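Enquirer: Can you read through this structure? Questions will come right after.
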């Protein structure tokens, strides 16, 4: 009976693990009488090309162009003896996004996306479900439509029009793209995808370091609840300082017991603090690390640390005693701690010192010949497996710090940047590392640039807050609560919540730029060595107007419409620049209205190029760009720098006279800015909600819809229409 039960249990577990998509080449077939070419992969037609029936096409259907077997690379081509149009349709199961098959360079924006827009010039599609990368080149083409459509069977569908000619249109197909082509061998999105909901919160470490108490944490909770919770910041993470600093294994305490033993500042223990934080309406988070600082186990107990042949503990930098991470050792040491933290109600667990466990402990043991490299990797992987098993599938796990292959498919976020502080060299690297590791964002895991010191110099803080918010990185501010005066509070509110952004470009990570800050900042307080001189010549492309990492373009697709957000960060002093619109992922044939989100100002319109001002080190700008329609249209809001994603529900026209705007309720008096073309200066407004609104013309081309709460407003631009005004 027991064997039968075990067999059934294993069968259930096996059935819950989905099959890996095969790394086999797709097959093409052309039906000349229908003018239809189909391409099949994994027993599904995922691509079709429609041309006029009866036309001759030059193509192939066998594997003669399969250049690489592992990782599999398949190149397909399509050409015609005469010029003709082909409508190509991609029909992918699960979720898919636009993806450029290479990184942006100098004077090109790093591309991101919210929703599922089809982005001008982005010549690739990536299946988030199957880890399938498809890209194309060598023919003129354009998207049909502005976004992916979702079919009745849930597939993501995108269409483009291709100009066929004698020269071939090339299509590159790479199954298991992140897993095999980029080398993230544990990546299996068909079984596990990291939590994608943006995380915004506060962390105690850079605010108070170890000088914390339950009383202080609850005072912080009150401030967060009052100032930031209504805007989307809802996590409070307790860092180092809640535990006895000599935590470890002794004759009368296990490792987990030593971590959780009450101390003076936390008289009821850290487990009770989680419940008190939750009562404030916040989600409790907690820090722990993998170190063992005291090691005096009971006689006869199993050793859980690395030891040298002479019986002494093996040295590992930054660790007191190095956990050997065998299955039994993990069961004795870290597994009970993770389980108890989760049971206490901590829904966010930050696991620290992993870099030292990986390189200084396991790596050192490999160097000494105690274990093999493969065994070290197996043990590190097992550490993350145990963390996920004991913390639970819904607990948000942050791996800190370093990007590990072994944590993929088990953690939700990974820290990518060096330790931060309020100085510019650290804030600069937070922003640069987000650009460097951008292809991983929300695909492998969420990117954590380390805590944000919002109390830094005002322009530095605004640049960092803006970047982390728009790119959707972990947004964890870490300041003493007295830092949150009216100015700083308003700045933080304007970037909350952070966005659920994905990359729109991919490639292997480039490590040709510095990843550590201290050596680039010698003499920062010296008048003889100001900031700009200190940073000169450190990063690639600094002789360009907008080097890599200083320019971003986020393409937003939501119920309220399609637009983009341009961000320029002066990581170092930047000159004036004229950027091509196409290098922002925008159609150069279109005209775009430009709105400065931070200044709340309409800047006019641009076409083909956009001029950006010279900027001092640490400055930033955020512009919202919307395609000009010829009708009144929203150009931005005062609520959030993203220009409407957070606060707008709908923007539509009814019979070309009635402009209908629906918003989400917001915790402040806020403004929607509306562009007025010539001939639309006269209007009246009616709010269908009970909240008060006011529509006021404030400039030649701008009207302001001022809202307290939410609005369902109809603005009538026909002066003869009898629409009752409700502007009070």
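Enquirer: Just how far, in whole angstrom, is the stretch 84-127 from the stretch 651-691 if you go by their alpha carbon centroids?
Expert: Between the Cα centres of the stretch 651-691 and the stretch 84-127 lies a distance of 32 Å.
Enquirer: Continuing with this model, one more query. Taking a virtual spin label 7 Å from the Cα of residue 536 along the C-beta vector, which residues in the stretch 549-592 bring their backbone nitrogen under 15 Å of it?
Expert: Label zone hits: 572-575.
Enquirer: Something else now. FRET efficiency for residue 190 and residue 299, Cβ-Cβ distance as r, R0 = 30 Å, nearest 0.05?
Expert: On the way: r = 49 Å, r/R0 = 1.63.
E(calc), rounded to 0.05, equals 0.05.
Enquirer: Let me ask another. Over the chain, what is the relative contact order in whole percent, taking alpha-carbon pairs under 8 Å and six or more residues apart? Provide the component values of the computation, followed by the final result.
Expert: Details: 1677 pairs, mean separation 79.1, N = 728.
With pairs under 8 Å counted, the relative contact order is 11 percent.
Enquirer: Using a basic spin-label model with each label point 7 Å from the Cα along Cα→Cβ, how many nm lie between residue 614 and residue 60?
Expert: Reported label-point gap for residue 614 and residue 60 is 5.5 nm.
Enquirer: Return a whole-number percent for the relative contact order of the stretch 582-728, with Cα pairs under 8 Å and 6 or more residues apart as the contact set.
Expert: Numbers: 315 pairs, mean separation 28.9, N = 147.
Relative contact order here is 20 percent.
Enquirer: Under the 0.36 nm per residue contour assumption, what length would be gained going from the current alpha-carbon distance of residue 161 and residue 509 to full extension?
Expert: 122.1 nm
Enquirer: By counting other Cβ atoms within 10 Å of each Cβ, how are 397, 447 ranked from fewest to most? Write out the running numbers ahead of the final one.
Expert: Values: 397 23, 447 26.
Going from least to most buried by this count: 397, 447.
Enquirer: With each run of n ≥ 4 DSSP H residues scored as -39500 (n - 2.57), what mean residue ellipticity at 222 nm is computed for the chain after dividing by its residue count and rounding to the nearest 500 deg cm²/dmol? If you can, show how the numbers build up before the last one.
Expert: Details: 13 runs with 130 residues, N = 728.
Result for the chain: -5000 deg cm²/dmol, rounded to the nearest 500.
Enquirer: Report the paramagnetic label zone for residue 682: residues of the stretch 699-714 whose backbone N is under 20 Å from a point 7 Å from Cα along the Cα-to-Cβ axis.
Expert: From the stretch 699-714, the list is 699-704, 714.
Enquirer: What is the gain in length, in nm to one decimal, between residue 85 and residue 658 on full extension, counting 0.36 nm per residue of separation less the C-alpha to C-alpha distance? All intermediate terms of the calculation are to be shown ahead of the outcome.
Expert: Working: separation 573, 0.36 × 573 = 206.28 nm, distance 3.82 nm.
Value of the extension gain: 202.5 nm.
Enquirer: Going by average Cβ density within 10 Å per residue, which order do the peptides 637-644, 400-407, 20-27 take, highest to lowest?
Expert: Working: 637-644: 25.6, 400-407: 20.0, 20-27: 16.5.
Most protected by this proxy first, the peptides run 637-644, 400-407, 20-27.
Enquirer: Give me the distance between the Cα centres of the stretch 534-597 and the stretch 188-260, rounded to whole Å.
Expert: Comparing the Cα centres of the stretch 534-597 and the stretch 188-260, I get a distance of 35 Å.
Enquirer: Using Cβ counts within 10 Å as a stand-in for footprinting exposure, how do 373, 84, 39 rank, fewest first? Could the numbers behind the result be given before it?
Expert: Values: 373 11, 84 16, 39 24.
So the ranking, lowest neighbour count to highest, is 373, 84, 39.
Enquirer: When a footprinting reagent is the concern and you count Cβ atoms within 10 Å, what order do 220, 157, 624 take, fewest first? Walk me through the intermediate numbers first.
Expert: On the way: 220 23, 157 14, 624 27.
Taking fewest neighbouring Cβ atoms as first place, the list is 157, 220, 624.
Enquirer: Between residue 603 and residue 367, what is the spin-label point distance in nm, taking each point 7 Å from the Cα along the Cα→C-beta axis?
Expert: 5.0
Enquirer: Sticking with this one: Between residue 218 and residue 106, what length in nm is gained on full extension when 0.36 nm per residue of separation is reduced by their alpha carbon distance? If you can, show how the numbers build up before the last one.
Expert: Numbers: separation 112, 0.36 × 112 = 40.32 nm, distance 4.63 nm.
Once the chain is fully extended between residue 218 and residue 106, it gains 35.7 nm.
Enquirer: Nearest 0.05, what FRET efficiency do residue 137 and residue 42 give at R0 = 25 Å with Cβ-Cβ as r?
Expert: Details: r = 24 Å, r/R0 = 0.95.
For residue 137 and residue 42, the calculated efficiency is 0.60.
Enquirer: Follow-up. Based on the alpha-carbon gyration tensor of the stretch 350-419, what equivalent-ellipsoid semi-axes (square roots of 5 times the eigenvalues) come out, in whole Å, largest first?
Expert: Output for the stretch 350-419: semi-axes of 22, 14, 8 Å.
Enquirer: Can you give me the distance in nm between label points at residue 665 and residue 698, each placed 7 Å from the Cα along the Cα-to-Cβ direction?
Expert: If labels sit at residue 665 and residue 698, their model points lie 2.5 nm apart.
Enquirer: At a Förster distance of 30 Å, what's the computed FRET efficiency of residue 32 paired with residue 153, Cβ-Cβ distance as r, to 0.05?
Expert: On the way: r = 28 Å, r/R0 = 0.94.
It comes to 0.60.
Enquirer: Something else now. I'm spelling it out carefully: the read-out is Cα extents along the principal axes in Å, the candidates are (i) 89, 67, 66; (ii) 79, 57, 47; (iii) 87, 67, 50, and one was derived from this structure. Which label?
Expert: Of the listed options (i) 89, 67, 66; (ii) 79, 57, 47; (iii) 87, 67, 50, (i) comes from this structure.
Enquirer: For a label point 7 Å from the Cα of residue 24 along Cα→C-beta, name the residues of the stretch 155-173 whose backbone N is under 19 Å from it.
Expert: 173
Each value in this text was obtained by applying a stated rule to the coordinates, not by laboratory testing. Computed from a predicted model, the values in this text were never measured in an experiment. A quick note on method: Cβ atoms are made from the backbone with ideal geometry, for glycine too, and the neighbour counts reach across all protein chains shown.
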